Every structure is written in C-alpha cells, then in structure tokens.
1. Quick check on the range 253-264. Is at least one of its residues surrounded by fewer than 20 Cβ atoms within 10 Å (Cβ to Cβ), farther than 30 Å from Val57 by Cα and touching a Pro at 6+ places or on another chain (Cβ under 7 Å)?
2. Condition first: among the polar types (S, T, N, Q) and within 18 Å of Leu161 (Cα to Cα). Now tell me which residues in the range 183-233 satisfy that.
3. Give just the number: which of (1) at pLDDT 95 or above; (2) part of a loop (DSSP other than H, G, I, E, B) does Gln249 not satisfy?
4. If you scan the range 124-169, which residues turn out to be modelled with pLDDT under 95 and open to solvent by less than 10 Å² (accessible area, probe 1.4 Å)?
5. Please state which of the following conditions Glu198 fails to meet, knowing it meets all the rest: (1) more than 27 Å from Thr253 (Cβ to Cβ); (2) modelled with pLDDT of 95 or more.
6. Has the range 86-97 got any residue that is assigned to a loop (DSSP other than H, G, I, E, B), within 17 Å of Ala206 (Cβ to Cβ) and open to solvent by 20 Å² or more (accessible area, probe 1.4 Å)?
7. What is the number of the single condition among (1) open to solvent by 10 Å² or more (accessible area, probe 1.4 Å); (2) in contact with a strand residue (DSSP E or B) (Cβ under 8 Å, 6 or more places away or on another chain); (3) within 23 Å of Pro264 (Cβ to Cβ); (4) at pLDDT 95 or above that Val116 does not meet?
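The values are calculated or read from the model by the stated rules, or taken from the named source; none is laboratory data. On a predicted model such as this, the values are computed, not experimentally measured, just so you know. Don't worry about glycine lacking a Cβ; one is built from the backbone with ideal geometry, like all the others, and counts go over all protein chains shown. Just the protein is used for accessible areas: all its heavy atoms, side chains included, with ligands, DNA and RNA removed. Shrake-Rupley method; radii C 1.70, N 1.55, O 1.52, S 1.80 Å.
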Amino acid sequence: MSAPGRSQALIPKRAARRVPVSASRGIHRVHWPSRLAIAAAMTGLTCIAVAADPGRVLAVCADPSNLPFSNDRGEGFENRIASLLADEMHATVNYTWNMQRRSFLRRTLKAGACDVVIGLPMGLQGVAQTRPYYGSSYAFVTPRQGGAKVSGFDDPSLRKLKIGLQAVGAEGSNTPPASALSRRGLSDHVVGFSMWGEESDETPQAHIVDAVAAGEIDMAIVWGPVAGYFAQRHGDRLMVTPVTGDPLQPTATFQFEMAVSVRPGDNELLEELQQALDRRQPDIQAILQTYGVPLLAKTAPSAPLAQVEAGVVLGSMVEKWRN
C-alpha cells in the first residue's frame, strides 16, 4: 500500500529541466583532453562525485510521456535509474524518445536507435537482459476511508462495485485481471480506461487512479508501479494492495520481474550494466520506494545472465514492445 505520511514533494514537478534528446548509439568512448566531474544527484540519496568522460554515452530509448517510468523532463524512476547507471559507468545519458506503443522495440532498440531499454519484463523474446533489478505485481486501488476492502477476486463485494481496468490493446488478448473478472461474470462491472493518451497528455496513466480518488469508480486494478505512484498524489486517501494471484487461474501470472535490456550479442555492454546494477542496487531500491512501487521479494543474485528466448505471460501489456 502507499506509505502513510509520505510527502507529495516526492512527486517531481513539471517545471523540471528537459533531458537532451539524442539518437546516439550505445556506450562510446572518444578521446578528449580532459574529464568533467559530474554529480549523481538523486532525490533522497547521497550525492556521489564521479569522473565522466564527455565522449562516453549511454544511449537509452524511452517514452517521453509515460510517468512514473519516464518522460522527457527526466522525472520518471527509469530516468533516474538510467542516470545512476551512467554515472556508475562514467558516462552520460542520451535519449531517443519514442512512444511506447505496439512495435516499440522494432522502432527503437532493434532499429539501432539506441542500445539500452531500462525496464522490460524478464523473459521478453528477442533481447538480452540483465538479472531483474525489481519485481512488482498488479494491485487493487481502493479508497482508504469508506471504500470496499477487497481481499481478492472471489470477494463478494466485487459484484457491487464499478471496477476500472486499462485497455491495453492486443486484439483478442486480456490482461490477467481482465481474465479473472471475466471468469466470474463481472465484465459488466468494468469501466475501461486507455493506457495511452494524446501526446499532449503528460500523465495518461494517472486517469484511472484519479477516478478512484474522485469517486467515479469504486476501485481500479492496475500495474503496481502505476498504482503506487499515482496514489501518492492523493496523500493517504487511497490504499494500494498487491494482487498475488487468482484461484481460478493458478497458472496466470500477476507478478513480474523487470530487467535492463540490450540487443542480443551486446555482451560487453550487458555485463557492464549488470555490474553497475549490482553496485548501486541499494540506491535503485531507494528510488523505487520513493516512487511508491510495490516491490516483490529481492531476486536471488546468483541467477545467470541470459539472452532469453522464452516469453512471459504478461497479457497484452507485452504487445506494445513486440514486433
């Protein structure tokens, strides 16, 4: 659930400076006569001075308007993690911006527009991945006062509620929460929200959580990082409860691990990213907690690095990255 008493000052302000746009590729080194000292200034974290080669670039593809993950002002937690990794690698971050719609990977990483995507589901086909650096789950978002205290998909109170779900868009495909409600004959209780907005909409994923706070719907079921981050904007009014599974779908996955991804074969870059993740894991966890992300238990550090060939069952959320 969202942390009681957490200050809304933790939510980044819109007036922040924009992050430079670049289509530069990968980690590159150019010989320069001197080095620049830069600071890894992360909100709530200790500032660590590192020497960065101004010719060394970590080229990252990201969505310019997709909080809490990223935006072109550098306000998302993936922006902050990218900066942290670049600092650790004595590099600077350059972004190629692309809306995370269907075929995002084909247009970006696979096209050579960048070399790194900071957060993709572990097990996604066609990429090489680090070990997962965080895991989260779908979550129920409900009013803290006067709202239903939903314990799971078999809770009888669901039959009296208006339930918000995001329509993610793969034809004939449902997210695990949508399937769980459908199996119980609750489709008529669902109020649909788009996961995506117009380019002018800076926080499209906020609308479903805001609707719970406004009383327009009784609850929402959304991906945990979205639930936790936007619930914080309403102070202590909303409760975020992780969804662990569905008794009617014992093989359905509601919890997912996320990893940094590169192109297959970029083994040197992959290994360097993994080392940076390992060294800065406490700082990364602090960033995620600041953004209200409901976190799973830490993944065992001995898991091998791998170019994963088997996909994960993430419903239609995965479709925006494929093909």
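1. yes
2. Result: Ser187, single match.
3. The single condition Gln249 does not satisfy is (1).
4. Selection gives Leu124 alone.
5. (2)
6. No, that holds for no residue.
7. Every condition holds for Val116 apart from (1).
Residues checked against (1) at pLDDT 50 or above; (2) among the hydrophobic types (A, V, I, L, M, F, W, C):
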position: Arg6; (1), (2): no, no
position: Ala86; (1), (2): yes, yes
position: Arg102; (1), (2): yes, no
position: Leu105; (1), (2): yes, yes
